[in-house]
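Have a look at the structure below before the remarks.
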Amino acid sequence: MQKLPLHWKIITGMVLGVLFGLLMSAFSGGKGFVIDWIAPFGTIFIRLLKLIAIPLIFVSLIKGISDLKDISSFKNIGIRTVILYISTTVVAIVIGLMLVNTLQPGTGMAEETIEELTRTYASDESIASNIHEAVEQESSPLNFLVDMVPDNIFAALGNNSLMLQVIFFSILFGICMLLIDPVKARPIALIIDGLNAVVLKMVDLIMWMAPFAVFALLAQIIVSSDNVEILEKLLYYGLTVVLGLILMLFFYLIILSLYAKKSPRWFLRGIVPAQLLAFSTSSSAATLPVTMERVTHHLGVDNEVSSFVLPVGATINMDGTSLYQAVAAVFIAQALHIPLEFSDQLTIVLTALLASIGSAAVPGAGMIMLVIVLESIGIPADKLAVGLALIFAIDRPLDMCRTVINITGDATVSVVVAKSLGKLHPTDQPKT
């Protein structure tokens, strides 16, 4: 195992986890054994990644901005990053809408299937919680701007769902370091450099257990997958989402080939360990430490670019999730026989874009975003729970898939921004 590249170790762990989960599902006490004795190791791994996510964002953003030495350099990186993130998100939403309107996976949904799903999931606490949280987030179209500004940075540092506030404070802190006397800023820069080195070493140590952790995570998912018949009935919807995600991946590879002059094989070989972890954890934030390491050391993106673009992207750039919003919203309308006008589809584009900016980079955030999108197109309140129930059965595997696209989009934008600034360095991608 020591000589294997990291991505092969993770793939091995995933395959063994699936096989072990299937084996345990065949025994009456197998599910309980996996939940009690195997799953905790996956939970520990995710907690460790989340543990260092905010410290990593905090120190890497400040270091990346303060190392620029020039506020104009920050403007160049920042403007390019925001424009590219918004553009790729809009492309993702449009791809989703085109597919769901063409394939129409929700048309002809049997009434008994809808009733069964409603009975199974409509009273689910997770669905009720998602609706309640989404309602709380909706106060004005610019609410995400208000939520971006913390009133207590220590409270934000202690809550992974407030990552956007940490990013705001870190960017402000880094900019102020550029604007003050360099002599006064030097001691702070030395501390930040030391903290950055420590956090990166923590990433190395945590990644040692990644293959074992994904084994535990996949085994838990397999033994927890109930109601296979309903999963089969929703396969058409799921395939529509997955097809859209695949098209989005091809879009990234085309951009990299045409603009950055990089081959798809080069890019995928460099980012695949982060993609596999994103698939296992369903969290862009938890995967962020690995994404930063792969993009910087294996794709050759300069640290001052990756340390800004990736933390920002983990929160505001959710191409996979936005594409899923478009497909899921129209699918639910089709299944419930609610007609959507062209203006409603434009509303989906705008709402999904704004919702993705303020959404937390954690598992399940997509469901909260979906409630916001559904309400924006006028889905009746009494139909919201039914709508979520329609897709709840296969949300977890789709969440895993769309998180892969989320972090792949972040990595793509990092490479493109670095190329535009002349900060994309040659690399032989050492196999570690």
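Worth a mention:
- Residue within the stretch 29-37 that is farther than 30 Å from Ile180 by Cα, assigned to a helix (DSSP H, G or I) and among the aliphatic types (A, V, I, L, M) present: yes
- Selection count, the stretch 385-411, where residues are of a type in the set (A, V, I, L, M, F, W, C), closer than 23 Å to Glu115 by Cα and part of a helix (DSSP H, G or I): 8
- Of all residues in the stretch 194-211, exactly one satisfies the criterion of being at pLDDT 90 or above and either touching a helix residue (DSSP H, G or I) at 6+ places or on another chain (Cβ under 7 Å) or closer than 24 Å to Gly78 by Cα (or both), namely Leu195.
- Answer residue from the stretch 25-35, given it is closer than 12 Å to Ile221 by Cβ and of a type in the set (A, V, I, L, M) and is surrounded by the fewest Cβ atoms within 10 Å (Cβ to Cβ) among those: Ile35
- Taken over the stretch 328-345, the criterion of being crowded, with 24+ Cβ neighbours inside 10 Å and either without any contact (Cβ under 8 Å) to a residue 60 or more places away in the chain or not in a helix (DSSP H, G or I) (or both) is satisfied by Ala329 alone.
- Test result for Asp382, part of a helix (DSSP H, G or I), modelled with pLDDT of 80 or more, among the charged types (D, E, K, R) and surrounded by fewer than 24 Cβ atoms within 10 Å (Cβ to Cβ): no
- Close pairs from the stretch 86-99: first among the β-branched types (Val, Ile, Thr), partner not in a helix (DSSP H, G or I), Cβ under 8 Å, at least 6 apart: Thr88/Asn317; Thr89/Asn317; Thr89/Met318
- Any hit, the stretch 176-188, residues being modelled with pLDDT of 85 or more and in contact with a Phe, Trp or Tyr (Cβ under 8 Å, 6 or more places away or on another chain): yes
- In the set (1) assigned to a helix (DSSP H, G or I); (2) farther than 30 Å from Ala26 by Cα, Phe212 fails one condition alone, (2).
- Any pair with Cβ under 7 angstrom, 6 or more apart, that starts in the stretch 180-201 at a residue that is over 18 Å from Leu48 (Cβ atoms) and surrounded by 11 or more Cβ atoms within 10 Å (Cβ to Cβ) and ends at one that is among the charged types (D, E, K, R) and modelled with pLDDT of 90 or more: none
- Residues that are more than 22 Å from Leu354 (Cβ to Cβ), out of contact with any Phe, Trp or Tyr (no Cβ under 9 Å at 6 or more places or on another chain) and either among the small types (Gly, Ala, Ser) or touching a residue at least 40 places away in the same chain (Cβ under 8 Å) (or both), drawn from the stretch 144-161: Ala155, Gly158
- Residue that is farthest from Val242 (Cα to Cα) [pool: residues in the stretch 401-417 that are among the hydrophobic types (A, V, I, L, M, F, W, C) and within 9 Å of the chain's Cα centre (by Cα)]: Ile407
- Residue selected from the stretch 279-308 under the condition surrounded by 24 or more Cβ atoms within 10 Å (Cβ to Cβ) and touching a strand residue (DSSP E or B) at 6+ places or on another chain (Cβ under 7 Å), by the criterion nearest to Pro55 (Cα to Cα): Val295
- Restricting attention to the stretch 412-428 and to residues that are within 14 Å of Ile255 (Cβ to Cβ) and in contact with a Gly (Cβ under 8 Å, 6 or more places away or on another chain), the residue that is surrounded by the most Cβ atoms within 10 Å (Cβ to Cβ) turns out to be Ser414.
- From the options Tyr252, Tyr236, Tyr259, residue that is within 23 Å of Val415 (Cβ to Cβ), hydroxyl-bearing (Ser, Thr, Tyr) and more than 21 Å from the chain's Cα centre (by Cα): Tyr259
- Matching option when the condition is more than 19 Å from the chain's Cα centre (by Cα), surrounded by fewer than 23 Cβ atoms within 10 Å (Cβ to Cβ) and within 20 Å of Ala411 (Cβ to Cβ), among Ile52, Ile79, Ile83, Ile71: Ile79
- Within the set Leu268, Leu276, the sole residue that is buried (at least 24 other Cβ atoms within 10 Å of the Cβ), within 24 Å of Val242 (Cα to Cα), at pLDDT 90 or above and not charged (D, E, K, R) turns out to be Leu276.
- Some residue of the stretch 177-195 being in a helix (DSSP H, G or I) and either in contact with a Cys (Cβ under 8 Å, 6 or more places away or on another chain) or closer than 19 Å to Pro150 by Cα (or both): no
The values are calculated or read from the model by the stated rules, or taken from the named source; none is laboratory data. All figures in this text were calculated on a predicted structure; none of them were measured in a lab. We place every Cβ from the backbone using ideal geometry, glycine too, and count neighbours over all the protein chains shown.
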